[in-house]
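The values are calculated or read from the model by the stated rules, or taken from the named source; none is laboratory data. The structure presented is a predicted model; accordingly, all values stated were derived computationally and were not measured. Here the Cβ positions follow ideal geometry from the backbone for every residue, glycine too, while neighbour counts run over all protein chains shown. With ligands, DNA and RNA removed, areas are computed over all heavy atoms of the protein, side chains included. Shrake-Rupley method; radii C 1.70, N 1.55, O 1.52, S 1.80 Å.
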Amino acid sequence: MKKGYLKQNKTSFVTLLVLFTFLVFNQNTSALAFQETSQSFDEYKGRVIGNDTKKPLVFADVSVINSNISTITNKEGEFTLKVPKSLSGNSVKVSFLGYETQEVPLRNLKGENNTITLNVITTQLSQVNINVPKDARALVKATLENREEKYVNEKTLMTAFYRETIKKRNKNASLAEAVVKIYKEPYSTSKRDAVELVKSRKNTNYSRLDTLAVKLQGGPFSALYSDIVKYKDYIFDEELFDYYNFNFGNSTQINDRQVYVVNFEQQPNIVTPLYRGKLYIDAETFALVSANYSLNVENKDEAVKLFIRKKPRLVRVEPEEALYRVDYKTTPDGKWYYSYSNVQLAFRVKWRKKLFSSIYTLNIEMAITDWTTNITSTLNKDNRIRPTVILSDQASGFSDPEFWGEYNIIEPEKSIESAIRKISRQLEKIERKEKE
């Protein structure tokens, strides 16, 4: 084994498997049945910006007070919340790292063009009367230990919205969305979470993929495994932990709580691709609040092995970037739980004997929109999906503006809205031709 290389194993990295295969057109279009519910709800919309920059706050958390209903803002800072009429008198809590949390009555979010402005935190953090570890490494160690004390330690049923997009040269080539049920295991156990597909839709524009079909394997699991508290061995197992350097950054606040910031990166003598980024750790509980990190893709031959499961022999694929984000929230009794994750990948693809290469960007995100620990339902084995899942092409839902019903989703940004409109128009043309 070369100096600086680590022995790789299947549980050492957060992997999202990508398949570059020759384009074929016999796609599976089967759909899962879905039972609509009759519960009535109201819809509320808004946009979150910072008072200092007047720019959108991306991934701001929006939660309905006295409930487990929540969502996050998109890249334009926009959000939509579907709330049962019985909670119409409640308020929403809006929070973002480094800004003061704000509460807004739901009645103020009726109609269009509702803007919520968060004030940047300007006050100095007060001294916390707790025993702070002497160094950043010790703090991270403490954060990853005793998970059962800091995080929800009972089985939890979560409702989540999942979205994956594939673009070629900034043009949408594939869009998939799904509502899933996550049967989350307690943080004290190594037992893996289970996922059930409630409903989904997908459309792929193969004309934009040339002769390659680009697919993501893993679907919602790729987002779920970014929960580095539950699945810490993907990044910080006992062997890998010793190959990182840690240091403190400037402290900040989130949800009016003091947060330590720890920077981490792989040691310079390590050649194997590891990670670098920031860990946001609650100063009182030592729980992970948020993490932003990226894979070191400088060693492209080694980095590509972590992602590509299949590709044509004459195609060279090189990773350009691999970015990750995960967020956690607290229950009313102070326990933490996984709430959101995002993965962004970019690959340069070049056919041998061709002059030019193409850039493919892949993005997945998943947000917990509701949850309960009082589990009365059981996993529907017919709709259970595996970590090897590839969401099937199924475009029918794009023509139905009420497709998601009462389920909360991440509000699509303008590029995705445009893609959905194009898909809808294509489906309308097909329907007209079939009628003729």
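Rounded to the nearest 500, what is the 222 nm mean residue ellipticity of the chain from helices alone, with -39500 (n - 2.57) per DSSP H run of 4+ residues and division by all residues?
Details: 7 runs with 52 residues, N = 436.
Calculated from helices alone, the mean residue ellipticity at 222 nm is -3000 deg cm²/dmol.
For segment 178-246 and segment 378-428, compute the distance between their C-alpha centroids and round to whole Å.
18
Given the alpha-carbon gyration tensor of segment 206-289, what are the semi-axes of its equivalent ellipsoid in whole angstrom, ordered largest first, with each equal to the square root of 5 times an eigenvalue? Display every interim value, and only then the final one.
Details: eigenvalues 192, 75, 36 Å².
Listed largest to smallest, the semi-axes of segment 206-289 are 31, 19, 13 Å.
With N set to the residue count of segment 55-103, report its C-alpha Rg divided by 2.2 N^0.38 Å to two decimal places. Before the final figure, lay out each step's value.
On the way: Rg = 11.0 Å, N = 49, 2.2 N^0.38 = 9.7 Å.
Normalised by 2.2 N^0.38 Å, the Cα Rg of segment 55-103 equals 1.14.
Provide the per-residue ³J(HN,Hα) series for segment 164-179, in order, calculated from phi with Karplus coefficients 6.51, -1.76, 1.60 and θ = phi - 60°, each as a whole number of Hz, with x at glycine and proline positions.
The phi angles translate into 10, 10, 10, 10, 10, 6, 6, 10, 4, 10, 8, 9, 10, 9, 7, 9 Hz.
Using a 1.4 Å probe over the heavy atoms of the protein chains, calculate the carbon and sulfur portion of the accessible area of the chain as a whole percent. Don't skip to the end; give the middle numbers.
Values: 9890 of 21300 Å².
Answer for the chain: carbon and sulfur cover 46 percent of the accessible area.
Show me the ranking of peptides 348-358, 292-302, 269-279 by mean Cβ neighbours inside 10 Å, starting with the highest.
Values: 348-358: 11.7, 292-302: 16.3, 269-279: 18.1.
Peptide ranking by packing, descending: 269-279, 292-302, 348-358.
Give me the tail of P(r) for segment 245-319 as a percent: Cα-Cα pairs with distance above 18 Å. Don't jump to the answer; show the numbers that get you there.
Details: 1477 of 2775 pairs.
Within segment 245-319, distances greater than 18 Å cover 53 percent of Cα pairs.
Indicate the gyration tensor shape class of segment 325-436 (rounded, prolate or oblate), computed on the Cα atoms with a ≥ b ≥ c the square roots of the eigenvalues: a/c under 1.5 is rounded; otherwise a/b larger than b/c is prolate and the rest oblate. Spell out each step's value before the answer.
Numbers: a/c = 2.07, a/b = 1.31, b/c = 1.58.
Since a/c reaches 1.5 but b/c is at least a/b, the shape of segment 325-436 is classed as oblate.
At a Cα cut-off below 19 Å, give the lysines reachable from LYS422, other chains included and same-chain residues fewer than 8 away excluded.
By straight Cα distance, LYS422 reaches LYS167, LYS168, LYS171, LYS202, LYS414, LYS433.
Tell me which residues come under 5 Å, amide H to amide H, from GLN258 once H is placed; ignore anything under 5 positions away on its chain.
Residues meeting the criterion, in which the H sits 1.01 Å from N, are ALA283.
Taking amide H positions as placed in the peptide plane 1.01 Å from N, state which residues far from VAL289 in sequence (5 or more) or on other chains have amide H under 5 Å from it.
Amide H neighbours of VAL289: TYR280, ILE281, ASP282.
For LYS150, go through the lysines and keep the ones whose alpha-carbon is under 28 Å away, minus same-chain ones fewer than eight residues off.
Cross-link targets: LYS10, LYS93, LYS134, LYS141, LYS181, LYS184, LYS191, LYS230, LYS232, LYS278, LYS329, LYS335.
Give a residue-ordered list of calculated ³J(HN,Hα) values for segment 88-102 (Karplus: 6.51 cos²θ - 1.76 cosθ + 1.60, θ = phi - 60°; whole Hz; x for Gly, Pro).
5, x, 7, 10, 10, 9, 10, 9, 7, 4, x, 10, 6, 5, 10
Could you give the C-alpha radius of gyration of segment 322-372 expressed as a fraction of 2.2 N^0.38 Å, taking N as the number of residues it contains? Don't skip to the answer; put the middle values down first.
Working: Rg = 18.3 Å, N = 51, 2.2 N^0.38 = 9.8 Å.
The reported ratio for this selection is 1.87.
Counting C-alpha atoms alone, how compact is segment 156-241: give Rg to one decimal and Dmax as a whole number, in angstrom.
Answer for segment 156-241, Rg first and Dmax second: 16.1, 47 Å.
Can you tell me the accessible area per residue over the chain, all protein chains present, probe 1.4 angstrom, in square angstrom?
Ligands and nucleic acids excluded, the figure is 49 Å² per residue.
I'd like the FRET efficiency for ASN153 and VAL271, computed as 1/(1 + (r/R0)^6) with the beta carbon distance as r and R0 of 60 Å, rounded to 0.05.
Working: r = 38 Å, r/R0 = 0.64.
So, using R0 = 60 Å, E works out to roughly 0.95.
Got a sec to turn the phi values of segment 183-198 into Karplus ³J(HN,Hα) couplings, 6.51 cos²θ - 1.76 cosθ + 1.60 with θ = phi - 60°, whole Hz, x for Gly and Pro?
My calculation for segment 183-198 gives 8, 7, 7, x, 5, 7, 10, 8, 5, 7, 6, 10, 10, 10, 7, 8 Hz in order.
With the Cα gyration tensor of the chain in hand, give its eigenvalues times 5 under a square root as the equivalent ellipsoid semi-axes, listed largest first in whole angstrom. Show your work: numbers first, answer last.
Values: eigenvalues 217, 187, 84 Å².
So the three semi-axes of the chain are 33, 31, 20 Å.
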